[in-house]
Every structure is written in C-alpha cells, then in structure tokens.
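Below is one structure, written out as structure tokens, with a few remarks after it.
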Amino acid sequence: MQTKLRLIGALVLLLVGAAPPLQGQDMSARLHGGIIQPLGSTGDYFRFGPSVGVDVLYPFSETLGLTLDLGWDYLNAQHTVPSPTTNLWRYRVGLEAGLVGVEGDRFLVKVLGAAGGTSVKSHEFWLVSRQPYEFEGETINETVLTATGGLRLGLQTSDDITWWLTTRLNWQPVSDINQDALQELASYANNDFDPLGSAMSLAITLGVTLW
C-alpha cells in the first residue's frame with residue numbers, strides 16, 4: 001500500500017514539474033464542509049455523518065487543474081445494526097476540468113475525478129466469535145486505495161468571494177476480515193445483509209475559496 005501511495009506522490013511531482021501554473025493565475029485553496037451519505041449496501045451498516053475537507057488547486061490552463069484533496073468523513077452507526085461509528089481520513093490527487101465559465105466568471109461548473117488513499121479507523125466493538133474479548137475491544141483499522149468523482153458548482157459574489165457546492169461519489173474496497181466483522185455485528189440484530197465488498201458514499205459540501 002505504501003508503495004502505491006509513493007507512486008501517486010511521484011506522479012504528482014512529475015505533473016507539477018512539467019506544467020507550470022497558468023500565466024497570471026496562482027494556486028488556490030478551498031475549505032469545504034457538509035454531510036456524507038452511505039449508498040447501496042453501505043447504507044445497511046452505516047448512516048450519514050459530517051464531512052469536511054480542504055483542497056489545493058494547481059492550474060494548468062483556464063479550464064484544467066491538478067488538485068490535492070485532504071478530508072475527513074464520519075459514518076454513524078445504523079439504529080438497527082451495532083456497527084461501529086467510523087472515521088475515514090482521505091488524501092487524494094486528481095484533475096478538475098471546467099465545463100462552464102473560467103476563474104473570475106460569476107458562475108462556474110466543474111467536473112472532478114481523483115484517486116488516492118483512505119485510512120479507516122472505527123470505534124471499538126466486540127464480536128462473540130472472537131472471545132475471549134480483548135479489554136480494548138476491536139476496531140476496523142486499514143488503509144485502502146480509493147476513487148472519487150463528482151461535480152462542483154461555483155458562484156462568485158459581488159465582494160469577490162467564491163462559494164462552491166460540491167457533490168462527490170466515493171468508492172473504496174473493504175477487506176474480507178472487516179466484511180466478516182460487519183456481517184456478524186448485523187446478525188446480532190437479526191439482519192442478514194449482503195457482504196460489504198466495497199463501500200460507496202455521496203458527500204455533499206458547501207465550500208469557500210480561502211485564497
């Protein structure tokens with residue numbers, strides 16, 4: 001996993017070195033906050049929670065730029081399943097392409113895609129099949145590759161502040177051992193859900209350009 005992340009980092013450095021920022025445009029940073037909603041079978045085990053993040057845009061042209069995106073998502077447990085509430089720390093590199101408008105226009109529409117890693121860390125839980133229990137309990141604790149795609153709408157106000165409404169679809173695999181743990185937790189509430197081979201979620205956030 002570390003080797004894959006190093007390769008992603010090396011690719012970023014090559015892209016940045018090969019393509020200087022667009023003349024007259026500097027890098028910009030944006031802060032985002034909103035909610036994340038589990039989709040599909042992921043919603044059987046978890047329900048919506050907060051989502052926050054920050055990204056840096058490195059422009060290649062008026063309509064294309066490289067993004068570095070750091071974020072935190074928090075999935076709450078379902079009311080009917082004793083799944084553990086779970087933190088997801090995301091770090092992604094991607095491209096952002098303009099569909100409508102360019103920087104400085106009042107309205108902008110952009111499409112984005114990214115890949116990187118997600119570090120997953122849940123709260124503690126206990127499984128009957130793994131008795132005797134450890135005092136500290138067990139956790140879902142793994143780092144996996146992840147992919148993201150979405151749409152971003154921008155609005156520049158009269159006081160030169162740019163606001164962003166962003167929707168992101170996130171995908172990541174779930175290891176076999178964590179699939180088994182979640183299914184066993186669901187069985188305690190007499191729920192027979194499909195194995196969670198991969199997790200999908202939709203994040204909806206409101207953001208603002210910092211600089």
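The values are calculated or read from the model by the stated rules, or taken from the named source; none is laboratory data. None of the values given here were measured: they were computed from a predicted structure. Every residue, glycine as well, gets a Cβ built from its backbone with ideal geometry; the counts of neighbours run over all protein chains shown.
Computed values, structure above
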{"quantity": "Qualifying residue in the stretch 94-109 (condition: at pLDDT below 95 and among the acidic types (Asp, Glu))", "calculated": "yes"}
{"quantity": "In the stretch 168-179, the residues that are over 30 Å from residue 106 (Cα atoms) and either surrounded by 15 or more Cβ atoms within 10 Å (Cβ to Cβ) or touching a Pro at 6+ places or on another chain (Cβ under 7 Å) (or both)", "calculated": "171, 172, 173, 174, 178, 179"}
{"quantity": "Answer residue from the stretch 54-94, given it is polar (S, T, N, Q), assigned to a loop (DSSP other than H, G, I, E, B) and touching a strand residue (DSSP E or B) at 6+ places or on another chain (Cβ under 8 Å) and is surrounded by the most Cβ atoms within 10 Å (Cβ to Cβ) among those", "calculated": "83"}
{"quantity": "Residue that is nearest to residue 177 (Cα to Cα) [pool: residues in the stretch 101-130 that are of a type in the set (A, V, I, L, M) and either touching a Cys at 6+ places or on another chain (Cβ under 9 Å) or part of a loop (DSSP other than H, G, I, E, B) (or both)]", "calculated": "127"}
{"quantity": "Matching residues, the stretch 95-116, being among the hydrophobic types (A, V, I, L, M, F, W, C) and surrounded by 18 or more Cβ atoms within 10 Å (Cβ to Cβ)", "calculated": "108, 112, 114"}
{"quantity": "Test result for residue 136, loosely packed, with under 14 Cβ neighbours inside 10 Å, touching an Asp or Glu at 6+ places or on another chain (Cβ under 7 Å) and at pLDDT below 90", "calculated": "yes"}
{"quantity": "Test: residue 165 is within 29 Å of residue 34 (Cα to Cα), in contact with a Ser or Thr (Cβ under 8 Å, 6 or more places away or on another chain) and surrounded by fewer than 16 Cβ atoms within 10 Å (Cβ to Cβ)", "calculated": "yes"}
{"quantity": "Contacts under 7 angstrom Cβ, first residue in the stretch 160-182 being touching a residue at least 12 places away in the same chain (Cβ under 8 Å), partner basic (Lys, Arg) and assigned to a strand (DSSP E or B), 6 or more apart", "calculated": "164/30; 164/152; 166/152"}
{"quantity": "Conditions (1) under 14 Å from the mean Cα position of the chain (by Cα); (2) among the small types (Gly, Ala, Ser); (3) farther than 20 Å from residue 58 by Cβ: number failed by residue 122", "calculated": "(1)"}
{"quantity": "Lone unmet requirement of (1) among the hydroxyl-bearing types (Ser, Thr, Tyr); (2) within 18 Å of the chain's Cα centre (by Cα); (3) over 18 Å from residue 45 (Cα atoms) for residue 86", "calculated": "(3)"}
{"quantity": "Residues satisfying the stated conditions in the stretch 183-211, i.e. more than 18 Å from the chain's Cα centre (by Cα), within 22 Å of residue 127 (Cβ to Cβ) and either surrounded by fewer than 16 Cβ atoms within 10 Å (Cβ to Cβ) or in contact (Cβ under 8 Å) with a residue 60 or more places away in the chain (or both)", "calculated": "184, 185, 186, 187, 188, 189, 190, 191, 192, 193, 194, 195"}
